[in-house]
Structures are given as C-alpha cells and as structure tokens.
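Let me begin by presenting the structure, written as structure tokens, before commenting on it.
Just so you know, all these numbers are worked out from the coordinates, no wet-lab data involved. A quick note: this is a predicted structure, and the numbers were derived from the prediction, not measured. A quick note on method: Cβ atoms are made from the backbone with ideal geometry, for glycine too, and the neighbour counts reach across all protein chains shown.
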Amino acid sequence: MSELEIDLDDLERRMDGAIAALRTEFASLRTGRASGSILDTVMVSAYGSTMPLNQCGTVNVPEPRMITVNVWDKGLVGAVEKAIRNSGLGINPVMDGTTLRLPIPELNEERRTALSKVAGQYAEHARVAIRNVRRDGMDQVKKAKGDGMGEDDQKFWNDEIQTLTDKAIASVDKALEAKQEEIMQV
C-alpha cells in the first residue's frame, strides 16, 4: 500500500464540516442581540407544506434589539406569526400590516449562563465528531500497516492526522470562547 492512500484532504474536509456545523448551531443561539440567523430554524406551514421562514418573507435587522420580517404574501402573515410564536425562541411578534416586528428582550444572568452551557454542549459534540474523524484516519493507517506500510511512514501519518485534529479542536475552542463571551456580554 502506498502513502497516497491516506487521504488527509478528506479527513480535513470532514473536520471542517464539523466546525461549520458548530458555527451554524452557534448562530441559532440567541444572545440578546438581534440577528436574522436565529430565525433560520423557523418553519412555516404555507401552501400545504412547510418551508423555511426566509422563503416566505424578507428578514431584516434595523436595530440592535429588533428584527423585522416583511411577509411577501398577505395570506401568510398569520402563519408566519404562529410559526415564530411556536418556535420556542421566546419572541412575541407584533403585526404591522404585512410586517412583523420582533423585539428581542434582554437576557437575564440565569438565561445567559444556561445559553453558555448549551454552547459548551454544542462545542463538545463538534469535538467528538472531530475525534471520530481522527479515529477513522488512524484506522486507515493501521490497515495500511497491515498491508505493508513501514513504521516510519505509519508514525508520519499518525503525526499528520494528530496535527489536523489539534488544529480543528483549537478552532472549536476558539469559536466557543468567542460565543460564550458574546453571550455573557451585557
């Protein structure tokens, strides 16, 4: 077996995917500041099916504590309002014609601490995913050793995989630290 059969690019791509998923989860955490991305998970029942809210209207952030949703179809305003109320985000929309105004309330200290713990859980899930990718890479190296790879090559590939893993986990830790700082900011 040749050295080329250990695909570092694939391992790195998979680790980057775990980091991207973490950033998406972080974007959906409410921090007391208005961000249109907190509505990304809201699904609206419209036209006989469910669709993401951003396909029913335009999401804007005109002020630091306000999100507006301009619904394109008058008939969907009620469905969009209901979807936002039932989303579990703790936001109560105010209707103004075809525009929904979503005031973002301030977070109390207890809620900030709870959100910080949730962010930590998301980061741990990302770390586990990265470690699973590392394990897959190490298994490839073990299989290659069984197929005749030398010990020097095996050590080289193990070190390369560990370096990738360390870099990815450092990125997760940095993202978590930034998110927790953002959450705890008053």
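To one decimal place, what orientation-averaged projected area in nm² is obtained for the convex hull of the Cα set of region 105-186? Kindly include the intermediate steps, with their values, before the conclusion.
Details: hull surface 22.6 nm².
Mean projected area for region 105-186: 5.7 nm², to one decimal.
For the pair region 32-89 / region 122-162, the C-alpha centres are spaced 43 Å from each other.
Inter-label distance, ASN92 to LYS167: 5.0 nm, where each label sits 7 Å from its Cα along the C-beta direction.
Can you pull a Stokes-Einstein diffusion coefficient for region 36-103 at 10 °C (1.306 mPa s), Rh from Kirkwood over Cα pairs, as a whole number of µm²/s? Display every interim value, and only then the final one.
Numbers: Rh = 11.7 Å.
For these conditions, the coefficient is 136 µm²/s.
Placing unit charges on the Cβ atoms of the charged side chains and taking the dipole of the chain about its Cα centre, the candidate lying farthest along the positive direction among THR98, LEU8, LEU39 is THR98. Tell me the relative contact order for region 36-103 as a rounded percent, counting alpha carbon contacts under 8 Å between residues six or more apart. Relative contact order of region 36-103: 28 percent.
Can you tell me the dipole magnitude for region 47-128 around its Cα centre, using point charges on the Cβ only (Lys, Arg +1; Asp, Glu -1), in Debye to the nearest 20? Spell out each step's value before the answer.
On the way: 9 positive and 8 negative charges, 27 e Å.
That gives region 47-128 a dipole magnitude of about 120 debye.
So between ALA21 and LYS174, what do we pick up on full extension, going 0.36 nm a residue minus the alpha carbon distance? Walk me through the numbers on the way to the answer.
Working: separation 153, 0.36 × 153 = 55.08 nm, distance 1.48 nm.
Between ALA21 and LYS174, full extension yields an extra 53.6 nm.
Taking other C-beta atoms within 10 Å as the exposure proxy, GLU160, GLU177 rank GLU177, GLU160 from fewest upward.
The C-alpha atoms of the chain define a longest principal axis, and helix 151-184 lies at about 20 degrees to it. For Rg/Rh (Cα atoms, Kirkwood Rh), the candidate list reads (i) 1.09; (ii) 1.04; (iii) 1.16; the entry that matches the value derived from this model is (iii).
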